[in-house]
1. Return yes or no: is residue 92 over 14 Å from the mean Cα position of the chain (by Cα), buried (at least 22 other Cβ atoms within 10 Å of the Cβ) and of a type in the set (A, V, I, L, M)?
2. Of 108, 148, which residue is within 15 Å of the ligand (Cβ to nearest atom), over 23 Å from residue 22 (Cα atoms), in contact with a strand residue (DSSP E or B) (Cβ under 9 Å, 6 or more places away or on another chain) and modelled with pLDDT of 95 or more?
3. Is it the case that region 42-51 has a residue that's among the basic types (Lys, Arg), farther than 26 Å from residue 164 by Cβ and open to solvent by 70 Å² or more (accessible area, probe 1.4 Å)?
4. Which of the residues that make up region 162-199 are within 16 Å of the ligand (Cβ to nearest atom) and at positive phi?
5. Search region 148-175 for residues that are without any contact (Cβ under 8 Å) to a residue 12 or more places away in the chain and pair each with any residue that is more than 16 Å from the ligand (Cβ to nearest atom) and part of a loop (DSSP other than H, G, I, E, B) when their beta-carbon atoms are under 8 Å apart and the residues are at least 6 apart or on different chains.
6. Assuming residue 97 fulfils every condition listed in (1) open to solvent by 40 Å² or more (accessible area, probe 1.4 Å); (2) assigned to a loop (DSSP other than H, G, I, E, B); (3) among the small types (Gly, Ala, Ser) apart from one, which condition is it?
7. Could you list all residues from region 100-127 that are more than 12 Å from residue 54 (Cβ to Cβ) and within 14 Å of the chain's Cα centre (by Cα)?
8. Please count how many residues of region 56-82 are within 18 Å of residue 220 (Cβ to Cβ), in contact with a Gly (Cβ under 6 Å, 6 or more places away or on another chain) and not charged (D, E, K, R).
Amino acid sequence: MPRSSGDMQPARLGESEVVPTYSRLAVRYDSWAALAESTARRRCLELAAIQNGETILEVAAGTGLLFVELLKLNPDGVTEGVDLTEAMLMKARDRAARQGARNYRLLVGDARHLDYPAGRFDLLINNYMFDLLPESDFATILEEFKRVLRPGGRLVLVNMTTPEHWYQALWEQLYRWSPSLVGGCRGVRLLPFVQSAGFHRVRREVVSQMTFPSEVIYGVKP
Ligand SMILES: C[S@@+](CC[C@H](N)C(=O)[O-])C[C@H]1O[C@@H](n2cnc3c(N)ncnc32)[C@H](O)[C@@H]1O
């Protein structure tokens, strides 16, 4: 397990608070996501390099903002999404139904124990979830992601990251004042955890939107 990255703040949203918090946020989540996270989501899709016909899992699919893009790029494949919060998934299901998509499922599920056999997926995507969770969960979840990917399967993660410039520090300060102002998210740095989990060809990019810093991490299961 990598040594803790000193500048990461501890998670302050307790495990039992995640579902109630995101059940409340589900209504207004998309406006925030469009303002501060859409550029990182686009980069995530570019790095994912989806080929139609793949078997794809999005963990923490939320309101389905990225999930419907996966469906557009993978109309003949199988696309699955899980999330802990049913209220977020209800929005995702509406979105997917409006698009008239097929070959998909959106189910309640926990990143820590994915209900899929080993080696099932070509691609696993997970956006803005680790930044809510305690560092002690990171290795377990990455092991689980690795388990459900096939050898050669790709992993793309997006998260709020720690500031690299003074003007990005506002978000960490807001979290210090009141974690709920930023949906319980603080900046994380996942690169050493992804490397320690045994992924290959791991790389990290930082994307800043409205001064909000996100990291996009890519890796491949050997
Ligand atoms: C900030 S939202 C991100 C949603 C979506 N990925 C996006 O980028 O718009 C965080 C989501 O993570 C989900 N979540 C938190 N912990 C989880 C876990 N252990 N397993 C699955 N989903 C989880 C929450 O329910 C919430 O929908």
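The values are calculated or read from the model by the stated rules, or taken from the named source; none is laboratory data. Here the structure is a predicted model, which is why all the values come from computation and not from measurement. Counting neighbours? That spans all protein chains shown, and the Cβs are built from the backbone with ideal geometry, glycine included. Areas reflect the complete protein model, heavy atoms only, side chains present, ligands, DNA and RNA absent. Shrake-Rupley method; radii C 1.70, N 1.55, O 1.52, S 1.80 Å.
1. yes
2. Criteria check complete, one pass: 148.
3. Filtering region 42-51 down to residues among the basic types (Lys, Arg) leaves 42-43.
Subsequent filtering for residues that are farther than 26 Å from residue 164 by Cβ retains none.
There is no residue in region 42-51 that is among the basic types (Lys, Arg), farther than 26 Å from residue 164 by Cβ and open to solvent by 70 Å² or more (accessible area, probe 1.4 Å).
4. Those that are within 16 Å of the ligand (Cβ to nearest atom) and at positive phi: 183, 184.
5. From region 148-175, the pairs are 169/163.
6. Tallying (1) open to solvent by 40 Å² or more (accessible area, probe 1.4 Å); (2) assigned to a loop (DSSP other than H, G, I, E, B); (3) among the small types (Gly, Ala, Ser), residue 97 fails exactly one: (2).
7. First pass over region 100-127, keeping only residues more than 12 Å from residue 54 (Cβ to Cβ): 100-102, 104-119, 126-127.
Residues satisfying the conditions are 109, 110, 111, 112, 126, 127.
8. Start the filter on region 56-82 by keeping residues that are within 18 Å of residue 220 (Cβ to Cβ), which leaves 56-59.
Next, only the ones that are in contact with a Gly (Cβ under 6 Å, 6 or more places away or on another chain) stay: 58.
With not charged (D, E, K, R) added as a condition, the list becomes none.
Residues meeting the conditions: 0.
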